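Down below is the structure, laid out as C-alpha cells.
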C-alpha cells in the first residue's frame, strides 16, 4: 500500500493511494505563486510525511495552506507533517479539533495504525471558512454540508478539478455515522457542476458519473427506511467496506425521525453497544 504524486493539470496534483483503500486517503496539491496548498492531511504523520518530502522535491516554494475537508481523523491525522502551513477548515471542524482526541475510537476504525494514534497531535484550524473564498487565484474553498454538517471542497476552475475531500468516496462505502444525507445529496448536485475531475477522500479519480452513483447510494439509504434488507442493489453492492451499509441506513432513518444520535450499529462497530 502506497501513494504516488500524480499530475492532473499544470500546478495541480493528487497524492493518490494505490490501491484505493479506506485507510489510505487521497490528498490534493495546488501550486500558486506564493506557495503550495495541500488539501487533506491524511490519516497519520507516517502517511503524510512522504507527501511533504515529495512536495519539497517538486517545488522550492513553501507549503502555505492546509485545507481539511472535515474533522474526521482520515483527513486531519497527518496535519503535523505540515507544521508551518495555515490550516483552513469549517467552524465545526475547528470546534472538533479543539476537543480532546479519542485515539481508542480511531484505533477501532483503523486498526492497522493503532500504534500511532496515541501520539498523534492534530493541528488546530487557524482560518475558519464560513463562505466560498479564494485560497489563492487558482483555487476556491467551498463550504458544503453532508458527511458532517460543515465540510469543505476545493475547486480549481482553470483545471476543471474538484478536490471533493470528505464529500466523496468512490468504490468505498462512506462511513456516514454523523452525516446528513439529504444535504449531502444537494452538495453532490452542486459540486457536479464545479468541474469534470473529482478527487475523493477514498478511491480512484472519478468524474460526474461517480458523483451520480454516490448520490444514488444515498437515495437508496434513505429509501431503505432503516431496514438494511431493503437497501436496493446498485454499484455500491460491490464497493469496499460493505459493513458500513447498515450504519448509513440506520443514520438516514434516525436523522429523518429527528434523532441525531449515533446509530446503534456504529456503537457496535466501536465495541460500545
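The values are calculated or read from the model by the stated rules, or taken from the named source; none is laboratory data. Just so it is clear, the structure is predicted and the values come from calculations on it, not from any experiment. Glycine gets a Cβ as well: all are built from the backbone with ideal geometry, and neighbour counts include every protein chain shown.
For the reader, a short list of remarks on this structure follows.
- Residues (on the phi < 0 side of the Ramachandran plot and surrounded by fewer than 18 Cβ atoms within 10 Å (Cβ to Cβ)) located in segment 137-164: 137, 140, 149, 157, 158
- Residue list for segment 128-187, filter: closer than 19 Å to residue 219 by Cα and assigned to a helix (DSSP H, G or I): 181, 182, 183, 184, 185, 186, 187
- Contacts under 6 angstrom Cβ, first residue in segment 134-155 being without any contact (Cβ under 8 Å) to a residue 12 or more places away in the chain, partner in a strand (DSSP E or B), 6 or more apart: 134/140
- When residues of segment 31-43 are limited to those that are closer than 22 Å to residue 92 by Cβ and touching a helix residue (DSSP H, G or I) at 6+ places or on another chain (Cβ under 7 Å), the one surrounded by the fewest Cβ atoms within 10 Å (Cβ to Cβ): 43
- When the criteria are applied in full, residue 51 fails the requirement of being in a helix (DSSP H, G or I), on the phi < 0 side of the Ramachandran plot, at pLDDT below 95 and surrounded by 21 or more Cβ atoms within 10 Å (Cβ to Cβ).
- All positions within segment 54-84 that are under 21 Å from residue 24 (Cβ atoms), in a loop (DSSP other than H, G, I, E, B) and without any contact (Cβ under 8 Å) to a residue 60 or more places away in the chain: 77, 78, 82
- Scanning segment 92-124 for residues that are within 16 Å of the chain's Cα centre (by Cα) and either modelled with pLDDT of 95 or more or part of a loop (DSSP other than H, G, I, E, B) (or both), we see that the one that is surrounded by the most Cβ atoms within 10 Å (Cβ to Cβ) is 93.
- Entry remark, segment 1-23: residues being closer than 16 Å to residue 39 by Cα and at pLDDT below 85 number 0 in total.
- Within segment 56-66, restricting attention to residues that are crowded, with 21+ Cβ neighbours inside 10 Å and closer than 13 Å to residue 32 by Cβ, the residue that is farthest from the chain's Cα centre (by Cα) is 63.
- Checking the stated criteria, residue 196 turns out to be closer than 26 Å to residue 2 by Cα and either surrounded by fewer than 20 Cβ atoms within 10 Å (Cβ to Cβ) or without any contact (Cβ under 8 Å) to a residue 40 or more places away in the chain (or both).
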